[in-house]
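Report on one structure; see the data block that follows.
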Amino acid sequence: MITFDRVSKRYRAKEAVANISFHIGRGEMVFITGHSGAGKSSLLRLIPLLERPSGGSVAVSGVDLAELPRRRIPHLRRGIGITFQDHRLLGDRSVFDNVALPLLVAGIPYRETGRRVRAALDKVGLLNKESAEPITLSGGEQQRVGIARAVVTRPPILLADEPTGNLDPSLSTEIMHLFAQFSALGVTTVIATHDLPLVEQLGHRRITLQAGRVAVDTARYSR
Amino acid sequence: MSVAQQRNALRRRLGAWAAQHGRSLTATLGQFRRSPGPSAMTAAVIGIALALPAGFLGILDNIESMTQPWRSGWQASLFLERDLATASQKELAARLDKRPEVATVERLSREQALAEFRRYSDFDRAVELLDENPLPPVLIVHPSTGLSPSATDELVAALDDHSEVERVRLDREWVERLHAMMALAERGVWLITALLGIAVILVVGNTIRLDIENRREEIVITKLLGGTDAFVRRPFLYSGLGYGISGGILATILVEAGRWILSPPVNRLASLYDSSFRLDGIGLSGAATLLAAGGLLGLLGSGLAVGRHLAAVEPA
Ligand SMILES: Nc1ncnc2c1ncn2[C@@H]1O[C@H](COP(=O)(O)OP(=O)(O)O)[C@@H](O)[C@H]1O
Ligand SMILES: [Mg+2]
């Protein structure tokens with residue numbers, strides 16, 4: 001589903017991602033771990049073409065992103081649900097409108113919007129908050145609104161950047177289980193996190209980065 | 001695919017397209033409602049910028065229609081050969097009268113010409129000293145109304161071409177001056193119109209630019225979620241169109257209010273001159289033109305702003 005082939009990403013002198021290769025299969029759940037500054041976010045940003053690699057090639061669903069024309073980028077992004085550490089919700093819109101935005105963007109008929117938004121909010125346990133403003137919610141609730149927004153269009157790929165960033169352990173576990181559920185439904189899920197104890201406890205494939213390079217890829221050992 | 005299926009697919013796509021536009025439009029109206037202050041200010045600036053040239057052009061139109069009856073008030077005096085027979089004079093007068101550009105032809109025989117000359121000049125003593133009438137017979141040609149200057153020139157040349165006509169004197173200097181002044185005023189108004197049009201484009205462009213700045217995060221997130229350029233652009237174009245059309249409506253109101261204020265003194269002036277002249281309003285077509293012009297300029301301004309500033313807002 002996602003293939004990196006000797007990919008590097010340089011920011012001026014700094015090489016954030018260096019010569020990385022891996023393949024993530026359909027429906028797989030993978031953790032990208034490493035210290036802060038190891039290159040996790042930089043790696044994730046290459047998948048929906050928020051950045052272009054400086055070298056190597058990235059392929060998503062068999063399509064080499066280097067050959068994807070500019071006008072096809074929106075289509076690529078609609079197939080990828082993303083959550084951010086800083087949530088990136090619209091402060092002047094209700095929770096409902098935030099979660100409905102991907103449906104609006106994808107041109108889903110209006111009569112389907114309400115049902116699908118509520119289904120997504122129900123999944124993250126926020127059905128009663130649909131008319132709340134995001135600022136009035138706790139960090140964990142905002143993260144879950146972000147997850148609802150990421151999954152509302154049922155994309156085949158889900159990317160999460162530090163989804164448990166500043167949450168307490170029990171809430172973190174809860175959110176990771178939520179991602180595991182999506183993965184079990186066939187969604188390819190890639191989660192960047194530095195919460196190693198939690199990752200080890202869950203026991204999925206783990207790719208550990210160190211200064212932009214792959215230090216450990218547990219898939220290599222299990223194969 | 002069968003024809004019916006194709007038609008259904010087309011209908012579905014059209015429906016989705018219309019729904020997307022409908023929602024953009026609703027969002028735009030919502031935007032206007034959320035920040036009515038700046039929106040109203042922009043619309044007001046556009047309204048005034050459109051009302052000024054519309055008002056000037058309206059005044060010019062009114063002057064033109066007021067002076068229309070006077071414009072063809074000129075006449076041409078054709079001095080004929082001195083010894084042209086009366087029958088030939090009459091025949092020529094009849095021939096000229098048939099031309100469509102000619103309203104009436106008056107004929108003055110040599111004797112009538114002399115009588116006129118005596119009546120209107122102080123030379124009657126001097127004339128008596130002459131043993132022969134020095135004046136030629138004259139045809140006075142009144143043109144039909146609404147002749148353009150070029151048609152007038154053509155008519156005069158045609159009159160001069162007749163062999164019986166010695167000389168043509170045209171009494172139209174002031175008409176030409178009026179035409180020249182009106183042409184100058186019209187050119188000036190169009191110049192102002194062009195400048196104000198550019199001003200409207202810049203005002204809308206700047207408003208939309210600020211709008212884009214204020215909604216930067218929203219644009220970035222929309223692009224992150226796979227919003228196409230067209231999708232992101234649409235609400236801003238609608239905003240520009242909205243500003244322009246609101247400005248056009250306001251301009252219509254301003255122009256009509258101006259007419260309402262000017263009408264009583266104009267009517268009083270007209271009655272003093274025994275004239276039935278009334279100020280014409282811009283009418284339905286004028287209002288439609290103002291709205292269309294406003295909408296077009298608004299769309300242009302927002303299009304420019306969107307083209308320049310939206311591409312720079314990319315998610316990272
Ligand atoms: N836009 C950028 N410009 C310059 N340097 C960057 C940029 N993004 C990331 N970096 C650098 O690349 C390295 C990796 O950063 P990042 O991918 O955010 O790491 P992580 O998410 O693992 O903490 C860091 O040293 C960071 O300073
Ligand atoms: Mg990071």
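The values are calculated or read from the model by the stated rules, or taken from the named source; none is laboratory data. Small disclaimer: the values here were computed from a predicted structure and weren't measured. Virtual Cβ from ideal backbone geometry, glycine too; neighbours counted across all protein chains shown. Heads up: the accessible areas ignore ligands, DNA and RNA and are worked out on the full protein's heavy atoms, side chains in. Shrake-Rupley method; radii C 1.70, N 1.55, O 1.52, S 1.80 Å.
Touching a Gly at 6+ places or on another chain (Cβ under 8 Å) and assigned by TED's automatic domain parsing to the domain that holds B:Glu64: does that describe B:Gly301? Walk me through it before giving the result.
Numbers: touching a Gly at 6+ places or on another chain (Cβ under 8 Å): yes; assigned by TED's automatic domain parsing to the domain that holds B:Glu64: yes.
Against the criterion (touching a Gly at 6+ places or on another chain (Cβ under 8 Å) and assigned by TED's automatic domain parsing to the domain that holds B:Glu64), B:Gly301 qualifies.
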Item to complete: Spot the failing condition for B:Leu279; the list is (1) within 14 Å of chain A (Cβ to nearest Cβ); (2) surrounded by fewer than 21 Cβ atoms within 10 Å (Cβ to Cβ); (3) outside any helix (DSSP H, G or I), and only one is missed.
Response: (1)
Worksheet, complete the sentence: Of (1) open to solvent by 30 Å² or more (accessible area, probe 1.4 Å); (2) under 25 Å from the mean Cα position of the chain (by Cα), B:Leu170 fails just (2)
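Looking for whichever is touching a strand residue (DSSP E or B) at 6+ places or on another chain (Cβ under 6 Å), away from ligand 2 (no atom under 16 Å from the Cβ) and hydroxyl-bearing (Ser, Thr, Tyr) here; the options are A:Ser61, A:Ser57, A:Ser94. Which one fits?
Values: A:Ser61 fails: touching a strand residue (DSSP E or B) at 6+ places or on another chain (Cβ under 6 Å); A:Ser94 fails: touching a strand residue (DSSP E or B) at 6+ places or on another chain (Cβ under 6 Å).
Answer to the selection: A:Ser57.
Conditions (1) within 14 Å of chain A (Cβ to nearest Cβ); (2) among the basic types (Lys, Arg); (3) buried (at least 19 other Cβ atoms within 10 Å of the Cβ), marked per residue:
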{"position": "B:Ala180", "(1), (2), (3)": "no, no, no"}
{"position": "B:Leu184", "(1), (2), (3)": "no, no, no"}
{"position": "B:Leu191", "(1), (2), (3)": "no, no, no"}
{"position": "B:Val200", "(1), (2), (3)": "no, no, yes"}
{"position": "B:Ile219", "(1), (2), (3)": "yes, no, yes"}
{"position": "B:Thr222", "(1), (2), (3)": "yes, no, yes"}
{"position": "B:Pro235", "(1), (2), (3)": "yes, no, yes"}
{"position": "B:Ile245", "(1), (2), (3)": "no, no, yes"}
Response to the item:
Screening B:Asn214, B:Asn206 for residues that are at pLDDT below 90, open to solvent by 50 Å² or more (accessible area, probe 1.4 Å) and within 30 Å of B:His309 (Cβ to Cβ) leaves only B:Asn214
Worksheet item: Take the residues of the range A:120-138 that are of a type in the set (S, T, N, Q) and in a loop (DSSP other than H, G, I, E, B): which is modelled with the highest pLDDT?
Response: A:Ser131
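Could you tell me whether any residue of the range B:204-222 is under 30 Å from B:Thr104 (Cα atoms), part of a helix (DSSP H, G or I) and among the basic types (Lys, Arg)?
No: zero hits.
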Worksheet item: Of A:Leu49, A:Leu76, A:Leu89, A:Leu101, which residue is more than 15 Å from ligand 2 (Cβ to nearest atom), within 9 Å of chain B (Cβ to nearest Cβ), over 30 Å from B:Leu14 (Cβ atoms) and within 20 Å of the chain's Cα centre (by Cα)?
Response: A:Leu89
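Anything in the range A:184-195 that is open to solvent by less than 70 Å² (accessible area, probe 1.4 Å) and either within 16 Å of ligand 2 (Cβ to nearest atom) or free of Cβ contacts under 8 Å to residues at least 40 places away in the same chain (or both)? List them, or say none. Write out each step before concluding.
Step one: list which residues in the range A:184-195 are open to solvent by less than 70 Å² (accessible area, probe 1.4 Å), which gives A:186-193, A:195.
Once the filter is applied, which keeps residues that are open to solvent by less than 70 Å² (accessible area, probe 1.4 Å) and either within 16 Å of ligand 2 (Cβ to nearest atom) or free of Cβ contacts under 8 Å to residues at least 40 places away in the same chain (or both), the range A:184-195 yields A:Val190, A:Ile191, A:Ala192, A:Thr193, A:Asp195.
Go through the residues of the range A:27-40 one by one and say whether even a single one is surrounded by fewer than 17 Cβ atoms within 10 Å (Cβ to Cβ), away from chain B (no Cβ under 14 Å) and away from ligand 1 (no atom under 16 Å from the Cβ). Lay out the reasoning, then the answer.
Step one: list which residues in the range A:27-40 are surrounded by fewer than 17 Cβ atoms within 10 Å (Cβ to Cβ), which gives A:27, A:35-37.
Applying the additional criterion that residues be away from chain B (no Cβ under 14 Å) yields A:27, A:35-37.
Keeping just the survivors that are away from ligand 1 (no atom under 16 Å from the Cβ) gives A:27.
Yes, some residue in the range A:27-40 is surrounded by fewer than 17 Cβ atoms within 10 Å (Cβ to Cβ), away from chain B (no Cβ under 14 Å) and away from ligand 1 (no atom under 16 Å from the Cβ).
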Worksheet, complete the sentence: Filtering the range A:143-183 for residues that are part of a loop (DSSP other than H, G, I, E, B), open to solvent by 10 Å² or more (accessible area, probe 1.4 Å), within 16 Å of A:Ile47 (Cβ to Cβ) and within 16 Å of ligand 1 (Cβ to nearest atom) leaves a count of 1
